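Trainee: Got a structure here, written out as structure tokens. Questions coming.
Please treat every number below as a calculation from the coordinates, not as lab data. Just so we're clear, the structure is a prediction, and the values are computed from it rather than from any experiment. Heads up, the Cβs are rebuilt from the backbone with ideal geometry, glycines too, and the neighbour counts pull from every protein chain shown.
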Amino acid sequence: MYWYEDEVKRLEKERSKRGYDPEIIFYGSSTMRMWDSLPADFPNTRIANLGFGGSTLAACVWFFSRVMVDYQPDALFIYAGDNDLGDGRHPEEILIFFQQLVAQVAARFGDLPCYFISLKPSPARWHIAEQFKYTNNLIESEIIKTSQNWTFIDIFKKMLDKSGQPIPELYMDDGLHLSAKGYALWKEIVNPFLIPA
């Protein structure tokens, strides 16, 4: 996990400079980190973006206690797992990482309202789309069965066209990261789940 060290140190420095206590924390991989419009998208809420580039769900678990030091949010939004599958991990492994994250959150924050944003249908990883669908199903089922304070937010289906293919304009040229249109869609999907300030 040492290759994430610079990114985690960046988050630690930002925490000391933030100057306010965030109500909502967004945590996860580069898809979360690159959501630069978050403060403008949700202007009535004090937000901290704690995404770090290239991170896996496994890395989010590994660094959770360190990254979350001193925070007491009202809710937590997570996006991670995409890179785990891209690295060759299996859906069942992602589920185990998710279970570990749930345990970490409970130990740190109790029954904090938490939201897992489903894995997205990236054109660059469409060749393993079935693994993405299966992973989403595993995590959603886990939340339904065991987690009173977790909510699954399905963005996968809403990022597909009528033929069931990823909508290209929602992504940057790399076919992996979101474009401004992609984040605008995420804003529309996520907004109803935000706890009012």
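Trainee: Express the relative contact order of the chain as a whole percentage, based on alpha carbon pairs under 8 Å and six or more residues apart in sequence.
Mentor: Numbers: 293 pairs, mean separation 37.3, N = 197.
About 19 percent, as a whole number.
Trainee: What net charge is computed for the residues neighbouring Lys158, neighbours being all others with C-beta under 10 Å from the C-beta of Lys158, Lys and Arg scored +1, Asp and Glu -1?
Mentor: Values: positive: Lys120, Lys157; negative: Asp154, Glu188.
Cβ neighbours under 10 Å give a net charge of 0.
Trainee: Using +1 at the Cβ of each Lys and Arg and -1 at the Cβ of each Asp and Glu in region 2-156, identify which of Thr135, Pro121, Asn44 lies farthest towards the dipole's positive end.
Mentor: With unit charges placed on the Cβ atoms, the residue in question is Asn44.
Trainee: Could you list which residues have their amide H under 5 Å from that of Met68, counting only those 5 or more apart in sequence or on another chain, with H placed in the peptide plane?
Mentor: none
Trainee: Which length gain, in nm to one decimal place, applies between Arg66 and Asp36 when the Cα-Cα distance is subtracted from 0.36 nm times their residue separation?
Mentor: On the way: separation 30, 0.36 × 30 = 10.80 nm, distance 2.28 nm.
The Arg66-Asp36 span can extend by a further 8.5 nm.
Trainee: For region 2-156, with the dipole built from +1 on Lys and Arg beta-carbon atoms and -1 on Asp and Glu ones, taken about the Cα centre, which of Ile25, Ile155, Gln99 lies farthest toward the positive end?
Mentor: Ile25
Trainee: Please rank Thr45, Thr31, fewest neighbouring Cβ atoms within 10 Å first, as an exposure proxy. Working shown, then result.
Mentor: Numbers: Thr45 17, Thr31 24.
Arranged by neighbour count, lowest to highest, Thr45, Thr31 become Thr45, Thr31.
Trainee: Residue separation times 0.36 nm, minus the C-alpha to C-alpha distance between Glu130 and Glu169: what's the value? It would help to have the intermediate numbers written out before the result.
Mentor: Values: separation 39, 0.36 × 39 = 14.04 nm, distance 2.16 nm.
Answer, rounded to one decimal: 11.9 nm.
Trainee: Mind jotting down the distance between the C-alpha centroids of region 80-137 and region 1-75, whole Å?
Mentor: If you average the Cα positions of each part, the centres end up 17 Å apart.
Trainee: Principal axis extents for region 137-197, Cα atoms only, whole Å, descending order, please.
Mentor: Taking max minus min along each principal axis of the Cα atoms, region 137-197 gives 38, 31, 21 Å.
Trainee: Taking R0 as 25 Å, what FRET efficiency do you get between Arg18 and Ser179 from their Cβ-Cβ distance, rounded to the nearest 0.05? Before the final figure, lay out each step's value.
Mentor: Values: r = 27 Å, r/R0 = 1.10.
Here the calculated transfer efficiency is 0.35.
Trainee: With 10 angstrom as the radius, rank His127, His177 by how many other C-beta atoms surround their C-beta, starting from the fewest. Could the numbers behind the result be given before it?
Mentor: Values: His127 8, His177 18.
By the 10 Å Cβ count, ascending: His127, His177.
Trainee: Something else now. Fewest Cβ neighbours within 10 Å first, please rank Thr151, Thr56 accordingly.
Mentor: Fewest to most other Cβ atoms nearby, the residues stand as Thr151, Thr56.
Trainee: Give the percent of DSSP beta bridges with both residues in the chain that are antiparallel, rounded to the nearest 5. Can you show the working numbers first?
Mentor: Values: 2 of 19 bridges.
Expressed as a percentage, antiparallel bridges in the chain total about 10.
Trainee: About the Cα centre of region 2-156, what is the dipole size in debye to 20, counting +1 per Lys and Arg Cβ and -1 per Asp and Glu Cβ, all else neutral?
Mentor: Values: 15 positive and 21 negative charges, 58 e Å.
With only Lys, Arg, Asp and Glu charged at Cβ, the dipole is about 280 debye.
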